[in-house]
Amino acid sequence: MYPDHTPHVPAQRAVEVHQPTPLPPAVAVSAPVVPVQPGSVPAVASIVLPDGRVVTGYAINPAQPEPVTAKPAVSRTAVNVALGGVGFLAVCGGLLLLTSFIAALTAFITQLITLAAVIFGGWIAVQIFSASGHQSGTTVNIRKATFKRNHFNG
């Protein structure tokens, strides 16, 4: 595509640097003198651009940042009070969780005891009221018995 022995010379261009030329301030034509606070109105500056145009305006001073105020050091007392407050809140939260756990455990144990009583009571009721109870033991026929002076005579 390109021949092998072609010299490559970078293009050279003449560079002109134009510096703006300030114009002297215009002389005021016998205008009445108005007292002005010094420094309140900045001086008007004019410059000539390379193409011959004249630009007139006020010089702008760069904005000065507000001075940074030094941060006050945090006192050790404030740090200790804050850490104590955090610790106190942690202890209160732990006690609240412990109380809730104990209440839940108590309710669980109460339910287990009630369940055991219901099951055991049901077993006893089945033993008493079952029709096929044991036939051994003493059978007393109360209708044929006679009672005399608080003694039972069978």
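Heavy-atom accessible area of residue 56 with all protein chains present, probe 1.4 Å, nearest 10 Å²?
Spelled out: residue 56, probe radius 1.4 Å, area about 90 Å².
Residues in segment 61-87, backbone N under 16 Å from the label point at residue 96 (7 Å along the Cα-to-beta-carbon vector): list them, ranges by number please.
Counting only backbone N, you get 85-87.
Once you have the Cα-Cα distance between residue 112 and residue 125, take 0.36 nm times their residue separation minus that, and quote the gain in nm to one decimal.
Working: separation 13, 0.36 × 13 = 4.68 nm, distance 1.98 nm.
Full-extension gain reported as 2.7 nm.
By how many nm would the segment from residue 53 to residue 82 grow when fully extended, if each residue of separation counts as 0.36 nm and the alpha-carbon distance is taken off? Before the final figure, lay out each step's value.
Numbers: separation 29, 0.36 × 29 = 10.44 nm, distance 6.74 nm.
Contour length minus the Cα-Cα distance gives 3.7 nm.
The values are calculated or read from the model by the stated rules, or taken from the named source; none is laboratory data. This one's a predicted model, so the numbers in the text were calculated from it and none came from an experiment. FYI the Cβ positions are ideal-geometry reconstructions off the backbone, even for glycines, and counts take in every protein chain you see. Areas reflect the complete protein model, heavy atoms only, side chains present, ligands, DNA and RNA absent. Shrake-Rupley method; radii C 1.70, N 1.55, O 1.52, S 1.80 Å.
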